[in-house]
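The values are calculated or read from the model by the stated rules, or taken from the named source; none is laboratory data. This one's a predicted model, so the numbers in the text were calculated from it and none came from an experiment. Cβ placement follows ideal geometry from the backbone for every residue including glycine, while neighbour counts extend to all protein chains displayed. Calculation scope for accessible area: heavy atoms of the full protein, side chains included, ligands and nucleic acids excluded. Shrake-Rupley method; radii C 1.70, N 1.55, O 1.52, S 1.80 Å.
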Amino acid sequence: MELIKSLLPPNSHLQSLKLDCGQLNDSSIELLLRPSLQELCFHNCADFSGKLLSEIGSRCKDVRSLYLGSVAEKRGRAIHISDLEELFGGCTQLEELNLMFDLSLFLRHNFARVWALASKKLTSLEIGYISSVMVTELLSPNVGPHQYPNQIRPSILPAIQKLSLAVDYITDTMVGTISKGLALLTHLELRDAPLIEPRVTFDLTNSGLQQINQHGRLKHLSLVRSQEFLSTYFKRVNDLGILLMADKCANMESICLGGFCRVTDTGFKTILHSCSSLYKLKVCHGSQLTDLVFHDIAATSLSLTHVSFRWCNLLTNHAIKSLVRNTHLKVLDLRGCKNLGDEALAAIGSLCELKMLQLDNSDISDVGIAYLQHGIISSLVSLSVRGCKKLTDKCISVLFDGSSKLELQELDLSNLPNLSDNGVLALAKSRVPISELRMRQCPLIGDTSIMALASMQADDDRGHGSNLRLLDLYNCGGITQLSFRWLKKPYFPSLRWLGVTGSVNRDIVDALARNRPFLHVACHGEELGTDPWNNIDSSYMHDYEELDELEQWLQEGEWDSDDEEMEDAEDDADVVVE
């Protein structure tokens, strides 16, 4: 709290504030909220109550953009409908709103009434979780619960152009209500994660797809059924549904479909041949998608730049050879396509504009990786080969031989059983300015790798291990307590995310977390960073700037509370080992 006070002195001109609130609570509200703020972005607000919403409404009346994550998720914290009411009543200038927490906890009978108070200028809305029934009632033009039969509820969210929702079930009723009620909608993103197999009345069918884009303005559509809780799919949608949708979506620029297990090549080809403006196509769990979809892709006028085919297991090298005729591809996500091998990499190597390449669990080898060396490796910003079992240390030396200047910033080498310390030594010697390195579940990675990365200097020579902001070492077989000595200051000065196995020595892990309070230490196997499905397009576009003076000051003075506590933990561990 004292550090926040020193960073946020009185400033009547402060317009934007972005903060990780993981260590803050309601007691800091008065310090954080200023009348001059127009952009607020608060992540990890689990220890705040609904008071945060009501106080924003009363103190930040000029806010245009608001992001609130995980509000009141900690036990004992609560949000009341009155808090949401005060937020909407006060923030009448809101244009963008992201409420990334569970809104289904609010009582339904007051929910629509409160949303009627929302800013009429609101053009973008994202909700972390809400029930489909609440969405339908919210946007339905029917008579409200506290109105007379002849009194029609005023239009809610009339200016919305972008809507992104995570719901319990994507249903025909909800899709139809959204499509009919939001006349200006250009972006629609819906995602569900059913706990049980949905009944027909709580599911999406061909009829629901036919209702999409009733006003003809939609440019970006995403419909995804997550496998988070249950292996379930959109079983009531087939090629006919896609054909009906395509009739109204000729001007679509971006389409993302996840979990459409009954849609075959016929349906997917309809999209490619009907949507002439399409530049972004994502298909997840397309269990009937085959190479035939791309057989005549050259006959279309498409110029795809973003393509994702996750867990489409029937795709082979032939599909990729046809796909790369889209020479302007910038993002290519082929995770879980197990039949792709070195021939696919030979074709991909010709894509000189490619920024992101993800090949997790494919059948590629060191020979195939060599095809990238003289082509796209100099343009790549993000590369993932997680779970490609054939890869060895040689793939590192092939990729990073120092023959060209690289832009690579994110590298995922997780779950490679043949990757050893020798490969990491080669990586460290290459001086590649990597900011995110994932090597989880690599049994041959040990202390030597940590020492090498700690001593690594990138081209800017700002310090030891200077560019790494994320390092995931979870369940690496050779990591011992010795590595933690190299994770202390002054090593890895930019590190903000660290994944380790807590069982190495819990006391040392805890001491490290206290020693470096700006470092998020994860030791339960959770993935570090944000959900890649939601950030596939933006992750390669980040502007990785040099440290500004504020961040440098934070790092140099990172709670100079000595390393005594951590050294004591190490000494205690040594005693136990002896």
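The listed peptides 67-76, 126-135, 304-313, ordered by packing as a protection proxy, come out as 304-313, 126-135, 67-76 (highest mean of other Cβ atoms within 10 Å first).
In the range 437-530, what is the volume of the convex hull around the alpha carbon atoms, normalised per residue and reported in Å³?
Details: hull volume 8.3 nm³, N = 94.
Spelled out: Cα convex hull of the range 437-530, divided by residues, is 88 Å³.
Taking 0.36 nm per residue of separation and subtracting the Cα-Cα distance, full extension of the segment from residue 378 to residue 4 would add 130.6 nm.
Ignoring lysines fewer than eight residues from residue 248 along the same chain, the ones with Cα atoms less than 30 angstrom from its Cα are 120, 121, 162, 180, 219, 235, 269, 280, 282, 330.
List the chymotrypsin sites (Phe, Trp or Tyr not before Pro) within the range 241-288 that fall in a DSSP loop (any state other than H, G, I, E or B) and whose Cβ has at most 13 other Cβ atoms within 10 Å. Show your work: numbers first, answer last.
Numbers: sites: 260, 268, 279; in loops: 260, 279.
Of the chymotrypsin sites (Phe, Trp or Tyr not before Pro), not one in the loops of the range 241-288 has a Cβ with at most 13 other Cβ atoms within 10 Å.
A Förster radius of 25 Å combined with the Cβ-Cβ distance from residue 250 to residue 95 puts the calculated FRET efficiency at roughly 0.30. What you get for the range 8-72, charging only the Cβ of Lys and Arg (+1) and of Asp and Glu (-1), is a dipole of about 200 debye around the Cα centre. The length gained by stretching the chain between residue 116 and residue 321 to full extension, at 0.36 nm per residue less their Cα-Cα distance, is 68.6 nm.
Summing charges over neighbours of residue 328, with a neighbour being any other residue whose Cβ is under 13 Å away from its Cβ, gives +3 when K and R count +1 and D and E count -1. Rolling a 1.4 Å probe across the protein heavy atoms gives the chain an accessible surface of 44 Å² per residue. Under 5 Å from the amide H of residue 282 lie the amide H atoms of 255, 256, 257, 308, each residue being 5 or more positions distant or on a separate chain, with H modelled from the backbone and absent for Pro and chain starts. In percent, how large is the relative contact order of the range 1-50, given Cα pairs closer than 8 Å and 6 or more residues apart? Over the range 1-50, the number comes to 46 percent. Short-range pairs are left out: with C-alpha atoms under 8 Å and at least six residues apart, the relative contact order of the chain is 5 percent. Dipole of the range 437-530 computed with +1 at Lys/Arg Cβ and -1 at Asp/Glu Cβ about the Cα centre; of 480, 529, 490, farthest Cα towards the positive end is 490. Take the Cα radius of gyration of the chain and divide it by 2.2 N^0.38 Å, N being the number of residues; the result is 1.04.
Count the DSSP beta bridges whose two residues both fall in the range 437-530, then state the antiparallel fraction as a percent rounded to the nearest 5. List each step's numbers first, then the result.
Details: 0 of 9 bridges.
In the range 437-530, DSSP labels about 0 percent of beta bridges as antiparallel.
Ordering 178, 17, 167 by Cα displacement along the dipole of the chain toward the positive end leaves 178 in first place; charges were set at the Cβ atoms of Lys, Arg (+1) and Asp, Glu (-1).
Rounded to the nearest 500, what is the chain's calculated 222 nm mean residue ellipticity when only DSSP H runs of at least 4 contribute -39500 (n - 2.57) each, over all residues? Let's see the in-between values first.
Details: 19 runs with 157 residues, N = 578.
The per-residue figure over the chain is -7500 deg cm²/dmol.
Given a Förster radius of 56 Å and the C-beta distance between residue 231 and residue 507 as r, what FRET efficiency does 1/(1 + (r/R0)^6) yield to the nearest 0.05? According to the calculation, E is roughly 0.90. Averaging 1/r over every pair of different alpha carbons in the range 308-422 and inverting the result gives a Kirkwood radius of 13.8 Å.
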